[in-house]
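Below is one structure, written out as structure tokens; the observations come after it.
Read-outs: derived from the displayed coordinates by stated rules, not from any lab. Bear in mind that the values here come from a model prediction, so they are computed numbers and not experimental data. Cβ coordinates were reconstructed from backbone atoms using ideal geometry, including for glycine residues, and neighbour counts include every protein chain displayed.
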Amino acid sequence: MDVPEQVPSYKRVILKLSGEALAGTMGYGIDPEVVYSIAVQIKEVVQLGVEVAIVVGGGNIWRGVAGSTKGMDRATADYMGMLATVINSLALQDALSKHEVDTRVQTAIEMREVAEPYIRRRAIRHLEKGRVVIFAAGTGNPYFSTDTTAALRAAEVEAEVILMAKRVDGVYDSDPLKNVNAKKFGNLSYIDVLNKGLGVMDSTATSLCMDNKIPLIVFNLNENGNIKKAVLGQNVGTYVGGGTIGE
């Protein structure tokens, strides 16, 4: 019996991973088993011929906002957070390399001994050659989140969609981990996200996606195969941006 051909709905994607996702159940640090699992899922997508770029947060190691609320200079705290994203990016690169996935880390803060500096045309060239590109150190500027980094890089490399990997299976009207009656949304517009304050990503990032017509798919990372399903256009979470999944 022939296996039906799997045709991706997107050619080039940005995968947004939170730092907390890499910590797994530990809540902090890096869980090698979780990183291994994520690498396996990313490899599945690369094998479909999809060009994958990744933006990873650093909240499992350091959160700049938390540091600033305790008296630390906000810019300094944010720079520390950017360095945390580099640590996570190198861990993810190592896991992908062990699965024979050609990977490059590009940092917004120059550190040539461990990664390439971010150069837009070079990043696009890597993607065209089938390499996974991990964008680290945020935008290189304090006061901007890694959500904003994902939106900015998606616009710069002309990605067709941002895959927002979360701990829940979509966007709800309240926290489903605290409210059993929380209602899940299937489709949302950017304006809905902003007006309802749904917390999909911060308002700067949401506005950037809206202005550049970059859709989002919010889904549960903890369910194996969901990254691939999202790329194939299957309904695995909440679609933000108007229209329907796969359009």
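Quick check on region 171-193. Is at least one of its residues under 19 Å from residue 135 (Cβ atoms) and touching a strand residue (DSSP E or B) at 6+ places or on another chain (Cβ under 9 Å)? I'd like the intermediate steps shown before the answer.
We begin by selecting, within region 171-193, every residue under 19 Å from residue 135 (Cβ atoms); these are none.
No, every residue in region 171-193 fails to be under 19 Å from residue 135 (Cβ atoms) and touching a strand residue (DSSP E or B) at 6+ places or on another chain (Cβ under 9 Å).
Within region 57-86, track down each residue that is among the hydrophobic types (A, V, I, L, M, F, W, C) and over 25 Å from residue 129 (Cα atoms). Break it down into steps so the answer makes sense when it comes.
If we filter region 57-86 for residues that are among the hydrophobic types (A, V, I, L, M, F, W, C), which is where we start, we get 61-62, 65-66, 72, 75, 77, 80, 82-84, 86.
Within region 57-86, 61, 62, 65, 66, 72, 75, 77, 80, 82, 83, 84 qualify.
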Is it fair to say residue 95 is under 26 Å from residue 223 (Cβ atoms), in a helix (DSSP H, G or I) and either among the hydrophobic types (A, V, I, L, M, F, W, C) or in contact with a His (Cβ under 7 Å, 6 or more places away or on another chain) (or both)?
yes
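Just need a number here: residues in region 43-81 that are within 15 Å of the chain's Cα centre (by Cα) and either of a type in the set (A, V, I, L, M) or assigned to a helix (DSSP H, G or I) (or both).
Going through region 43-81, the residues within 15 Å of the chain's Cα centre (by Cα) turn out to be 45, 51-60.
Then drop every residue that is not either of a type in the set (A, V, I, L, M) or assigned to a helix (DSSP H, G or I) (or both), which leaves 45, 52-56.
Looking only at that region, the number is 6.
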Which one of 34, 114 is surrounded by fewer than 21 Cβ atoms within 10 Å (Cβ to Cβ) and assigned to a helix (DSSP H, G or I)?
34
Given the structure, is residue 153 under 23 Å from residue 46 (Cβ atoms), basic (Lys, Arg) and touching a residue at least 40 places away in the same chain (Cβ under 8 Å)?
yes
Out of (1) free of Cβ contacts under 8 Å to residues at least 12 places away in the same chain; (2) surrounded by 17 or more Cβ atoms within 10 Å (Cβ to Cβ); (3) hydrophobic (A, V, I, L, M, F, W, C), the odd one out for residue 66 is which?
(2)
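How about region 117-132: which of its residues are surrounded by fewer than 23 Cβ atoms within 10 Å (Cβ to Cβ) and either in contact with a strand residue (DSSP E or B) (Cβ under 8 Å, 6 or more places away or on another chain) or under 12 Å from residue 54 (Cβ atoms) (or both)?
Let us first name the residues in region 117-132 that are surrounded by fewer than 23 Cβ atoms within 10 Å (Cβ to Cβ), namely 117-131.
Those that are surrounded by fewer than 23 Cβ atoms within 10 Å (Cβ to Cβ) and either in contact with a strand residue (DSSP E or B) (Cβ under 8 Å, 6 or more places away or on another chain) or under 12 Å from residue 54 (Cβ atoms) (or both): 117, 118, 119, 122, 123, 126, 127, 128, 130, 131.
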What's the total number of residues in region 215-238 that are crowded, with 22+ Cβ neighbours inside 10 Å and either more than 17 Å from residue 147 (Cβ to Cβ) or touching a residue at least 60 places away in the same chain (Cβ under 8 Å) (or both)?
7
Output for region 187-228, where each listed residue is among the hydroxyl-bearing types (Ser, Thr, Tyr) and assigned to a helix (DSSP H, G or I):
190, 203, 204, 206, 207
Residue 87 passes all but one of (1) farther than 20 Å from residue 164 by Cβ; (2) within 14 Å of the chain's Cα centre (by Cα); which number fails?
(2)
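From the list 152, 163, which one is outside any helix (DSSP H, G or I) and closer than 29 Å to residue 235 by Cα?
Among 152, 163, only 163 is outside any helix (DSSP H, G or I) and closer than 29 Å to residue 235 by Cα.
Looking at this structure, is residue 167 exposed (fewer than 15 other Cβ atoms within 10 Å of the Cβ), within 25 Å of residue 63 (Cβ to Cβ), of a type in the set (D, E, K, R) and touching a residue at least 60 places away in the same chain (Cβ under 8 Å)? Spell out the reasoning first.
Numbers: exposed (fewer than 15 other Cβ atoms within 10 Å of the Cβ): yes; within 25 Å of residue 63 (Cβ to Cβ): yes; of a type in the set (D, E, K, R): yes; touching a residue at least 60 places away in the same chain (Cβ under 8 Å): yes.
So residue 167 passes the test.
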Can you name every residue in region 133-152 that is farther than 17 Å from residue 116 by Cα, buried (at least 24 other Cβ atoms within 10 Å of the Cβ) and among the hydrophobic types (A, V, I, L, M, F, W, C)?
150, 151
Any idea which of 233, 199 is within 19 Å of the chain's Cα centre (by Cα) and under 16 Å from residue 15 (Cα atoms)?
233
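Name the single residue, out of those in region 102-161 being acidic (Asp, Glu) and under 22 Å from residue 212 (Cα atoms), that is farthest from the chain's Cα centre (by Cα).
Of all residues in region 102-161, those acidic (Asp, Glu) come to 102, 110, 113, 116, 128, 147, 156, 158, 160.
Now drop any that are not under 22 Å from residue 212 (Cα atoms), which leaves 128, 147, 156, 158, 160.
Working: 128: 19, 147: 8, 156: 15, 158: 15, 160: 13 Å.
Top of the filtered list is 128.
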